[in-house]
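**Student:** Sharing a structure below in structure tokens format, with a few things to ask.
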Amino acid sequence: MCCEFAFGAVKCRVLFEAQRNFMDDISQRPLLAAALAIFGRPAAIVDLETTGGSFDTDRITEIAFLRFDGGTVTPYHSLVHPERPIPPFIRRLTGIGDETVAGAPPFSALAHELLPLLRGCILLAHNSKFDYTFLRRAFARCGLPFAAPTLCTVQLSRRLYPQFYKHSLESIIERHGIAAASRHRATDDVLAVADYLETALREQGSETFAAHACHLLQPKLPSALPAALEEQLYALSDGCGALLWLDESGRPLHLAAHRHAFSEAARRLAASEQARAAASLRFLPAAGPLHALTLKAQLAAEYGLRPSENPQHAAAQQDFLTVRLRSSENGCMQTKLERLSDGRFAEQPYGLFPNKKAARQALVEWARGNGLCPQRLDILPDGYSRDTPCPAALSGGCACLSDGLEEHNRRTAAAARLLPVAGWGRAHALEITETDADTGVRITSVCSGGALRLPDGSWYFDHSLPALIKEKFKKERHNIRVCD
């Protein structure tokens with residue numbers, strides 16, 4: 001049967017299975033409640049049933065959890081209408097069919113009562129990635145950012161009981177003699193996990209349990225944060241975006257683009273004394289990592305930040321070179337190699353090269369392929385006298401024999417966009433579309449010469465950009481349009 005009870009201002013639906021009384025079972029786990037208190041924040045053992053295993057297309061059909069907060073344990077259960085048919089295989093596996101959820105609320109109707117119960121909690125689940133990702137994306141589709149530290153009880157079982165090969169919930173139930181009335185139902189699976197953890201605490205001891213649990217917690221949690229900063233941290237999404245750290249006066253301390261904002265911010269807080277000096281966070285969600293770099297550039301401009309490399313990563317960052325077009329004293333357009341530094345600039349860069357040798361070789365081949373004079377471009381080999389005739393002209397194959405200075409400048413400027421970009425193959429300019437899988441927001445970014453064009457027409461380079469675009473060529477080529 002189903003009843004409702006008040007949790008603060010929130011009404012929670014609680015299912016009491018006829019064969020097992022949820023509330024009676026709570027009193028049977030005194031060791032678990034004490035063990036979870038070591039984290040210093042609420043913890044929830046969670047289980048979801050879904051229409052399948054796809055984070056993109058499947059939806060939640062049932063949710064249950066036990067929420068431990070100090071001496072209070074709150075049980076929660078609700079069926080969830082998935083707003084799509086439940087496949088026959090899932091019905092046979094879970095016993096949940098279309099008729100079971102016919103009168104159940106959709107997740108969007110539950111989201112605002114679930115969020116205050118789960119936000120700020122440590123989520124424990126058997127294969128936590130599955131339950132956490134389904135929850136995070138369900139909240140995102142409702143326009144609610146959600147992120148949480150997780151502890152996978154599969155991994156915990158492997159550490160506590162390394163002598164056993166199997167660590168599925170079925171194997172654990174059988175091995176420890178745990179009573180489970182209905183497998184693949186959220187309430188019973190939550191209770192089975194809770195029973196297993198209580199048993200492990202009795203058998204292994206609280207110190208061993210705590211050591212392994214703290215080691216497996218992802219991300220590691222910062223301690224003793226100011227209340228306002230902690231609230232903002234747990235209000236982040238765990239998706240892409242740009243995150244700005246501010247001191248108590250509102251001055252910027254650190255700016256970064258993230259793929260997993262909550263996880264990466266929590267790790268920074270846990271590892272950096274400087275980060276814990278922050279008073280607040282400002283986060284701009286992005287459709288993808290390329291869009292996150294655009295937002296990072298916009299925040300840098302808004303706050304007047306100069307680009308600076310993160311010191312602990314500086315040694316590992318690769319220097320890249322690009323080509324700038326410059327005029328000599330007599331007005332001849334030449335190519336000049338320059339280091340491509342992080343930041344915004346008005347002038348488009350041409351080409352991207354990992355080192356001087358590759359850049360010089362590419363320039364020679366580019367000039368030959370476009371019929372441009374290497375002497376006028378100032379790309380002759382070191383030691384070659386500038387007073388001697390152009391070596392290409394001596395062989396009769398140089399445009400300087402026929403082109404005047406004005407024509408040379410025009411053709412050089414036109415061909416500059418064809419300078420090669422390391423890792424892009426034969427492509428020089430790209431349109432890359434990123435789509436937020438949960439909100440459907442689509443953002444198309446333009447990249448050329450190894451840099452990102454910003455909405456105001458300026459250009460932006462970040463040391464992470466070459467590897468990011470290389471990754472997109474490998475995994476998302478269908479989202480890339482070559483604009484040459």
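The values are calculated or read from the model by the stated rules, or taken from the named source; none is laboratory data. Computed from a predicted structure; not experimentally measured. When we count neighbours, we look across all protein chains shown, and the Cβ atoms used for this are built from the backbone with ideal geometry, even at glycine. All accessible areas refer to the heavy atoms of the entire protein, side chains included, with ligands and DNA or RNA removed. Shrake-Rupley method; radii C 1.70, N 1.55, O 1.52, S 1.80 Å.
**Student:** Taking 7 Å along the Cα-to-C-beta vector as the label spot, tell me the Glu170-His112 distance in nanometres, rounded to one decimal.
**Tutor:** 4.2 nm
**Student:** For the chain, give the percent of accessible area contributed by carbon and sulfur heavy atoms, probe 1.4 Å, rounded to a whole number. Present the calculation step by step, with values, prior to reporting the outcome.
**Tutor:** On the way: 11670 of 22740 Å².
Exposed carbon and sulfur together represent 51 percent of the surface.
**Student:** Now, a different point. Using the beta-carbon distance between Ala210 and Lys129 and R0 = 25 Å, what value does 1/(1 + (r/R0)^6) give for FRET efficiency, to the nearest 0.05? Intermediate results must be reported in sequence, preceding the final value.
**Tutor:** On the way: r = 22 Å, r/R0 = 0.90.
Step by step, r from the Cβ atoms, then E = 0.65.
**Student:** Another question, then. Dipole of segment 429-483, Cα-centred, from +1 at each Lys and Arg C-beta and -1 at each Asp and Glu C-beta, to the nearest 20 debye?
**Tutor:** The dipole of segment 429-483 has a size of about 300 debye.
**Student:** What is the set of long-range amide H partners of Gly97 at a cut-off below 5 Å, with H atoms built 1.01 Å from backbone N?
**Tutor:** none
**Student:** At 0.36 nm per residue, and after removing the present C-alpha to C-alpha distance, how many nm does the segment from Cys483 to Arg442 gain when stretched out fully?
**Tutor:** Details: separation 41, 0.36 × 41 = 14.76 nm, distance 1.87 nm.
Taking 0.36 nm per residue and subtracting the Cα distance, the gain is 12.9 nm.
**Student:** Next question. Sort all Cα-Cα distances of segment 15-216 into consecutive 5 angstrom bins from zero, then give the percent of pairs in each bin up to the one containing the longest distance.
**Tutor:** Per 5 Å bin, starting at 0, the Cα pair percentages come out as 1, 7, 16, 21, 21, 16, 11, 5, 1, 0.
**Student:** Say the cut-off is 22 Å between C-alpha atoms; which of Lys296/Lys472; Lys220/Lys474; Lys336/Lys356 go over it? Kindly include the intermediate steps, with their values, before the conclusion.
**Tutor:** Details: Lys296/Lys472 19 Å; Lys220/Lys474 31 Å; Lys336/Lys356 11 Å.
The answer is Lys220/Lys474.
**Student:** Once every DSSP H run of n ≥ 4 in the chain is given -39500 (n - 2.57) and the sum is divided by its residues, what mean residue ellipticity at 222 nm do you get, rounded to the nearest 500 deg cm²/dmol?
**Tutor:** On the way: 18 runs with 172 residues, N = 484.
After summing the helix terms and dividing by the residues of the chain, the value is -10500 deg cm²/dmol.
**Student:** I'm a student and want to see the number: the projected area of the Cα convex hull of segment 429-483, averaged over all directions, in nm². Mind dumping the intermediate values first?
**Tutor:** On the way: hull surface 16.6 nm².
Average projection, Cα convex hull of segment 429-483: 4.1 nm².
**Student:** Tell me, what is the FRET efficiency for Ala415 and Ala228 to the nearest 0.05, using R0 = 56 angstrom and their Cβ-Cβ distance as r?
**Tutor:** Details: r = 55 Å, r/R0 = 0.98.
Calculated value: 0.55.
**Student:** Under 12 Å from the Cβ of Ala257, count the other residues' Cβ atoms, weight Lys and Arg +1, Asp and Glu -1, and hand me the total. Mind dumping the intermediate values first?
**Tutor:** Values: positive: Arg259, Lys296; negative: Glu264, Asp342, Asp462.
Surrounding charge for Ala257 is -1.
**Student:** Right, here's the next one. Taking 0.36 nm per intervening residue step and subtracting the Cα-Cα distance, what contour gain separates Ala34 from Ala270 on full extension?
**Tutor:** 82.6 nm
**Student:** Once every Cα of segment 227-307 carries one equal point scatterer and solvent is ignored, give the base-10 log of I(q)/I(0) from the Debye formula at q = 0.13 Å⁻¹, two decimals.
**Tutor:** Ignoring solvent entirely, the Cα scatterers give -0.35.
**Student:** Rolling a 1.4 Å sphere over the protein heavy atoms, what is the accessible area per residue of the chain, to the nearest Å²?
**Tutor:** On the way: 22740 Å² over 484 residues.
Per residue, the chain has an accessible area of 47 Å².
**Student:** So what is the relative contact order for the chain, in percent, with contacts set as C-alpha pairs under 8 Å and at least six apart?
**Tutor:** Relative contact order comes out at 10 percent.
**Student:** I need to check one value: relative contact order of segment 15-216, counting alpha carbon pairs closer than 8 Å and at least 6 residues apart, in percent. All intermediate terms of the calculation are to be shown ahead of the outcome.
**Tutor:** Working: 309 pairs, mean separation 47.1, N = 202.
Taking the mean separation of contacting Cα pairs over the length of segment 15-216, I get 23 percent.
**Student:** If you don't mind, there's one more thing I want to ask. Give me the tail of P(r) for the chain as a percent: Cα-Cα pairs with distance above 30 Å. Could the numbers behind the result be given before it?
**Tutor:** Numbers: 68198 of 116886 pairs.
That fraction is 58 percent.
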